[in-house]
Amino acid sequence: MIIMSADLGKARTGIAVSDSSESFAFPKMVITEYSTERLIDKLCKTATELSAELVVMGLPKNMDGSSGFRAEECREIAELFKEKSGIPTVLWDERCTTISAYTALNMNGKHGKKRREVIDAVAATIILEDYLSFRKNTNK
């Protein structure tokens with residue numbers, strides 16, 4: 001099954017996708033969009049183009065596990081996306097993924113503008129890798 005992930009942001013949304021065997025996650029792109037309605041349209045188009053059968057959206061929980069305002073916004077976007085696309089959608093805890101993405105990019109010598117261009121797609125890849133690991137270990 002091909003799975004797409006999205007790291008939702010206020011302006012930039014990172015996209016990653018798995019291979020059909022669910023073994024690997026690859027960064028694909030960053031969607032820059034401020035309008036929720038247009039973002040959902042772009043997510044639907046991207047999911048269709050990537051032949052995604054499942055979409056995993058990052059859920060930005062607080063460090064204590066509680067949900068804040070941004071988590072509620074992400075829940076709403078996920079629900080609207082699911083209704084519009086008809087693609088099953090899962091919310092996945094994304095705590096510390098952006099920090100992990102920054103660390104990975106720093107270790108690979110990506111700084112400044114180059115890092116800003118890809119950070120969200122790398123974060124989406126980390127979200128997807130975590131989810132794929134969960135599926136593998138729980139046989140879901």
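Overview of results
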read-out: Members of the stretch 2-13 that are over 11 Å from the mean Cα position of the chain (by Cα) and modelled with pLDDT of 95 or more; value: Ile2
read-out: Single condition Leu54 does not satisfy, out of (1) at pLDDT 95 or above; (2) open to solvent by 50 Å² or more (accessible area, probe 1.4 Å); (3) of a type outside the set (Ser, Thr, Tyr); value: (2)
read-out: Residue check, Thr97 at pLDDT 95 or above and open to solvent by less than 20 Å² (accessible area, probe 1.4 Å); value: no
read-out: Yes/no for Ala16 being touching a Leu at 6+ places or on another chain (Cβ under 7 Å) and at pLDDT 95 or above; value: yes
read-out: Residues of the stretch 15-28 satisfying the condition of being surrounded by 17 or more Cβ atoms within 10 Å (Cβ to Cβ) and either closer than 18 Å to Arg75 by Cβ or hydrophobic (A, V, I, L, M, F, W, C) (or both); value: Ile15, Ala16, Val17, Ala25
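The values are calculated or read from the model by the stated rules, or taken from the named source; none is laboratory data. In this text the structure is predicted, and so the values were computed from the model without any measurement. Here the Cβ is made from the backbone with ideal geometry for all residues, glycine too, and neighbour counts use every protein chain on show. With ligands, DNA and RNA removed, areas are computed over all heavy atoms of the protein, side chains included. Shrake-Rupley method; radii C 1.70, N 1.55, O 1.52, S 1.80 Å.
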